[in-house]
Amino acid sequence: MVNNLYLFSKRWIKTAFILPTFLIFAVYTVYPLYNIILTSFKKQTFYEDFGFVGLDNWKNVLKDEIVHKVLWNTVIVVFGELVLLLPLGILLGFLLNANFKGNHFVRVATFVPYILSGVMIAIIWFFLLDPGVGVINAILKHIGLDSLAFNWIGGTKLTPYSVVAVDTWKSVGFYGVLFLTGLKMLPKDSFEAAMIDGATRWQRTFYITLPLLKETIKISAVMIVINAFNSFQTVLMLTGGGPNNQSHLITTLLYKVSFTQYDFGQGSVLATLLFLFVMAFSILILAFSRKRIEE
Amino acid sequence: MCYISYTFREGTEHMKKKAVYVLLALAIVLLSACNSKSNNNDSSNASTNAATNKDNTAATTNDGNKATNANADADKPAKEVKLTYATFIGDGDKDMMGIVIKEFMKTHPNVKIETQVYDHDTYQQKLPIMAQSNTLPDLFWWNATLITGAFDQNHSIADLTQYYDDDFKAMLTPAALVNLTTKDGKIVGFPAEMQVQGWLHNKALFDKYGVKIPTTFDELKDAVKTFKQNNVVTIAEGTKDAWPTWGFEDWLTKWGIHANADALFNANTMKYSESDVVNAYNAVGELAELGAFPANNSTMGFDQAIALFNAGKAAMISIPSDQLGKIVGTPVEKDTEYTWGIQFPNSKYDQLRVPGGVTNGYAVSAKAAEDPDKIAAIVELNKFRFTEEGFKLSLKAGANLPANVSADLSEFGKIIQDQAKMIADPNVHIDLTSDYSFHLIWDANWEAYGSKFGTPKGALINALIDGSKKTKDIPAELKKLDAIKDQVIKDWKANKK
């Protein structure tokens with residue numbers, strides 16, 4: 001009896017259950033990550049591995065002015081989406097939480113872009129934003145506002161902002177529903193107490209609703225940042241990264257360097273940089289959250 | 001009572017479950033029976049296509065004018081052969097292989113060829129991955145030097161040397177196999193078209209605005225000014241796709257990139273930024289500043305440029321042979337005039353030199369070659385392409401094959417006839433054994449060396465066209481290309497086998 005207990009000890013069973021997940025994590029996450037970091041110090045193409053080249057790849061990437069532009073584009077997209085999606089998501093959540101005729105239609109209409117293919121969304125927006133064939137500039141020129149018919153895409157400056165607009169339009173419905181869920185789960189007694197105390201609607205919103213939604217806001221912020229760093233299809237379909245690599249994001253540039261220039265070494269540097277940025281942001285937000293919970 | 005009704009209900013549920021299981025089991029048995037029946041049919045077929053097709057192929061090459069289509073064992077049905085064919089040209093009638101495949105399948109009903117179409121850039125990115133992972137389609141189009149490169153690296157591509165008997169070789173022109181032959185003499189593909197880069201002009205637009213079709217750079221500049229005044233796009237060119245810079249790469253040839261290839265790319269005794277090639281880039285920059293290109297060309301791909309030309313809204317387009325099918329048969333074709341493009345009278349280099357060659361091919365995956373029925377069908381298909389019938393079919397798609405065929409071209413449209421006349425022009429120096437690309441010097445290794453210099457070289461042309469770089473930026477950009485060239489040559493020499 002005692003021997004049987006040893007044979008099927010709890011630790012053994014725990015290990016057996018965790019092992020498959022750990023193996024999958026090791027094979028599909030840890031190993032590729034290790035391989036990418038290792039490759040960033042090598043000269044490697046599809047077919048040939050020329051061995052270690054020290055820090056050459058890192059130096060070439062970090063001093064390349066195109067990479068500086070690409071990093072700046074990525075910063076614009078990340079902060080742009082954070083600044084737009086969070087407040088718009090919250091406002092949409094409030095709207096969807098309200099009782100009005102057509103509430104269901106608004107819920108569906110705002111969520112549909114989120115479930116559509118990213119490629120389809122980008123193609124639709126191409127025919128809106130393109131300076132030559134796009135509807136926006138055609139309308140502006142038609143009503144005599146030629147001076148406002150900018151190069152929304154295809155120029156060297158505005159493409160990242162256009163990417164922010166497209167990605168925001170695609171995702172705002174999702175975050176609206178996320179905040180709606182958060183609002184539905186708020187305890188009613190705090191609001192009742194506030195109403196008894198004579199708090200106005202604005203006071204209830206700013207002093208009760210938003211503080212209670214802080215955790216939802218933090219989770220949404222992390223998700224927005226991660227998705228913004230991973231934005232890929234929009235730029236690829238709208239501009240292909242042009243003109244002259246000026247509208248690339250880190251994701252599209254690393255794809256181009258790796259799969260059209262066959263330089264896996266420099267592509268791995270960009271992939272490692274992307275990983276470091278996403279990890280840094282995530283750790284910052286998690287650290288801030290943990291501090292908040294402890295308080 | 002409740003207990004009885006409960007038991008009755010439980011029993012009924014149990015019976016329902018049993019019935020479902022029985023039905024499922026029956027379905028599985030039926031499906032597996034059907035599958036084994038079809039397998040038995042395949043294996044019970046006595047005649048092998050391999051032997052039959054080989055005999056028929058010999059008869060075809062001897063005859064030279066008939067497509068091969070007879071099955072020696074006429075009584076038994078021929079074994080079904082399924083093949084996959086990959087390309088980036090979506091319209092089968094515009095694809096030199098696709099149009100032949102359609103005809104081949106009519107005469108060989110047992111051969112089923114499934115065409116897989118990819119976007120060009122995606123296609124070029126997928127193929128090396130497929131080659132590396134040995135998941136290539138059975139038959140696929142690719143650039144000749146990339147086929148030989150992939151063969152050298154990992155043998156996922158079939159060695160086709162044994163299928164090139166003397167009769168088959170006699171059907172081909174001397175240049176047909178130059179780029180598809182490895183260093184140790186193995187032939188690793190079937191030739192595609194004779195690839196030359198030409199310029200199509202919409203003569204109706206030139207006549208409408210009283211502009212002469214330009215033969216020199218100065219005449220081209222004058223044409224640009226006139227067309228710009230009349231809101232007509234002079235040159236349909238998009239820079240969203242990186243690759244269609246070939247027409248302007250031809251200007252690099254006219255300013256000596258091939259003539260100085262050894263000094264530039266082998267001995268490295270000449271700087272790119274100090275060579276006459278600078279003049280070619282200056283010419284592109286000047287045209288861009290004059291407004292020769294569409295305003296939104298940075299978001300315009302090659303197919304959109306073609307659409308602009310086909311719609312009669314652009315006066316000229318630079319177009320390689322393998323893309324001619326996209327204009328053949330369109331309403332604008334009758335108004336086109338095909339030329340080799342402008343010359344630079346003040347250049348000391350050969351202005352009649354037209355870079356060309358059989359630079360693309362159709363390769364076979366090593367896996368497909370292991371199947372005797374598949375390889376036999378593929379070889380027969382490709383031998384059919386170089387018969388007179390196959391040659392004419394390819395011409396319908398705009399492709400002039402490197403075949404020893406004298407065909408009457410009067411039934412074909414203007415572009416095909418014009419191109420054939422131009423290729424046959426004895427005054428033009430078409431070097432069909434060469435390529436546009438300088439990287440042949442670097443062991444023809446595009447992945448390791450050619451792309452490192454070639455991609456930014458072409459990107460600078462696109463940058464000048466889309467206006468992100470101006471003529472004043474050219475010296476600095478060429479110095480960057482020099483730095484890249486120096487590094488590539490250093491790496492190439494250090495790793496030379």
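Specify which residue in the list B:GLY390, B:LEU172, A:ASN35 is farthest towards the positive end of the charge dipole of the protein assembly as shown, using unit charges on the beta carbon of Lys, Arg (+1) and Asp, Glu (-1), about the Cα centre.
Going by the Cα projections, it comes out as A:ASN35.
According to the square roots a ≥ b ≥ c of the eigenvalues of the Cα gyration tensor, what is the shape class of the protein assembly as shown, taking rounded for a/c under 1.5, prolate for a/b larger than b/c otherwise, and oblate for the remainder?
Numbers: a/c = 1.81, a/b = 1.28, b/c = 1.42.
In terms of gyration-tensor shape, oblate.
Below 8 Å between Cα atoms, with a sequence gap of 6+, how large is the relative contact order for region A:34-142 in percent? Kindly include the intermediate steps, with their values, before the conclusion.
Details: 43 pairs, mean separation 9.6, N = 109.
That works out to 9 percent.
Treating only the Cβ of Lys, Arg, Asp and Glu as charged (+1, +1, -1, -1), what charge dipole size does region B:221-300 show about its Cα centre? Round to the nearest 20 debye. If you can, show how the numbers build up before the last one.
On the way: 6 positive and 10 negative charges, 48 e Å.
Roughly 220 debye for region B:221-300.
Tell me, what is the percent relative contact order of region B:109-191, built from C-alpha pairs under 8 Å that lie six or more residues apart? Kindly include the intermediate steps, with their values, before the conclusion.
Working: 56 pairs, mean separation 22.7, N = 83.
That works out to 27 percent.
Work out from phi, with θ = phi - 60° and the Karplus expression 6.51 cos²θ - 1.76 cosθ + 1.60, the ³J(HN,Hα) of each residue of region B:288-299, listed in order in whole Hz, and give x for Gly and Pro.
4, 5, 7, x, 6, 9, x, 4, 9, 5, 6, 10
So how do B:GLU237, B:GLU380 line up by other beta-carbon neighbours within 10 Å, fewest first? All intermediate terms of the calculation are to be shown ahead of the outcome.
Working: B:GLU237 31, B:GLU380 24.
If I rank by nearby Cβ atoms, fewest first, I get B:GLU380, B:GLU237.
Per-residue HN-Hα couplings for region A:128-142, Karplus 6.51 cos²θ - 1.76 cosθ + 1.60 at θ = phi - 60°, whole Hz, x for Gly and Pro?
9, 8, 4, x, x, 10, x, 5, 4, 5, 5, 5, 4, 5, 5
Give the lysines reachable from A:LYS184 as a straight Cα distance under 30 Å; neighbours fewer than 8 places away on the same chain don't count.
A:LYS101, A:LYS170, A:LYS214, A:LYS218, A:LYS291
Counting other beta carbons within 10 Å of each residue's own, what order do A:VAL108, B:VAL111 fall into, fewest first? Before the final figure, lay out the partial values.
Numbers: A:VAL108 10, B:VAL111 24.
Ranking A:VAL108, B:VAL111 by Cβ neighbours within 10 Å, fewest first, gives A:VAL108, B:VAL111.
Ordered by residue, what ³J(HN,Hα) values in Hz, to whole numbers, does region B:109-120 give under the Karplus form 6.51 cos²θ - 1.76 cosθ + 1.60, where θ = phi - 60° and Gly and Pro are x?
In residue order, the calculated couplings are x, 7, 9, 10, 10, 9, 8, 10, 10, 10, 4, 3 Hz.
Quick check on my link table: of B:LYS228/B:LYS469; B:LYS348/B:LYS480; B:LYS228/B:LYS480; B:LYS457/B:LYS493, which ones sit more than 29 Å apart, alpha carbon to alpha carbon?
Details: B:LYS228/B:LYS469 21 Å; B:LYS348/B:LYS480 26 Å; B:LYS228/B:LYS480 33 Å; B:LYS457/B:LYS493 21 Å.
Cα-Cα > 29 Å for B:LYS228/B:LYS480; rest within.
Shape of region A:210-253 from its Cα gyration tensor (a ≥ b ≥ c, root eigenvalues): rounded if a/c is under 1.5, otherwise prolate when a/b > b/c, or oblate? Please list the in-between numbers first.
Working: a/c = 4.31, a/b = 4.10, b/c = 1.05.
Note, shape of region A:210-253 comes out prolate.
When chain A is modelled as a GNM with alpha-carbon springs shorter than 10 Å, which of A:PHE179, A:PHE191, A:PHE275 fluctuates the most?
Ranking A:PHE179, A:PHE191, A:PHE275 by mean-square fluctuation puts A:PHE191 first.
How much mean residue ellipticity at 222 nm does the protein assembly as shown get from its helices, if each DSSP H run of length 4 or more adds -39500 (n - 2.57) and you divide by all residues, to the nearest 500 deg cm²/dmol? Spell out each step's value before the answer.
Details: 33 runs with 437 residues, N = 792.
Computed mean residue ellipticity for the protein assembly as shown: -17500 deg cm²/dmol.
Can you spot the lysines whose alpha carbon is less than 22 Å from B:LYS186's alpha carbon? Ignore those fewer than 8 places along the same chain.
The reachable lysines, counting only those whose Cα sits under 22 Å from B:LYS186, are B:LYS54, B:LYS169, B:LYS367, B:LYS374, B:LYS383, B:LYS496, B:LYS497.
So, in Å, what gap is there between the alpha-carbon centers of region B:332-369 and region B:193-209?
14
Taking amide H positions as placed in the peptide plane 1.01 Å from N, state which residues far from B:THR115 in sequence (5 or more) or on other chains have amide H under 5 Å from it.
Counting only residues 5 or more places away or on other chains, the set is B:TYR85.
State the answer as a single residue: which of A:VAL53, A:ILE224, A:GLY80 lies farthest towards the positive end of the charge dipole of chain A, with beta carbon charges of +1 for Lys and Arg and -1 for Asp and Glu, about the Cα centre.
Value: A:ILE224.
Quick one: which residues, 5 or more positions from A:LYS42 or on another chain, have an amide H under 5 Å from its amide H? H modelled 1.01 Å from N in the peptide plane, none for Pro or chain starts.
Counting only residues 5 or more places away or on other chains, the set is A:VAL53.
Based on other C-beta atoms within 10 Å, arrange B:ASP473, B:ASP184, B:ASP207, B:ASP121 from fewest to most. Write out the running numbers ahead of the final one.
Numbers: B:ASP473 15, B:ASP184 6, B:ASP207 12, B:ASP121 19.
Sorted ascending by nearby Cβ count, the order is B:ASP184, B:ASP207, B:ASP473, B:ASP121.
All of the numbers you see were taken from the coordinates with simple rules; none came from a lab. What you are looking at is a predicted structure, and each value in this text was computed from that prediction instead of being measured. Neighbour counts run over all protein chains shown; Cβ positions are idealised from the backbone, glycine included.
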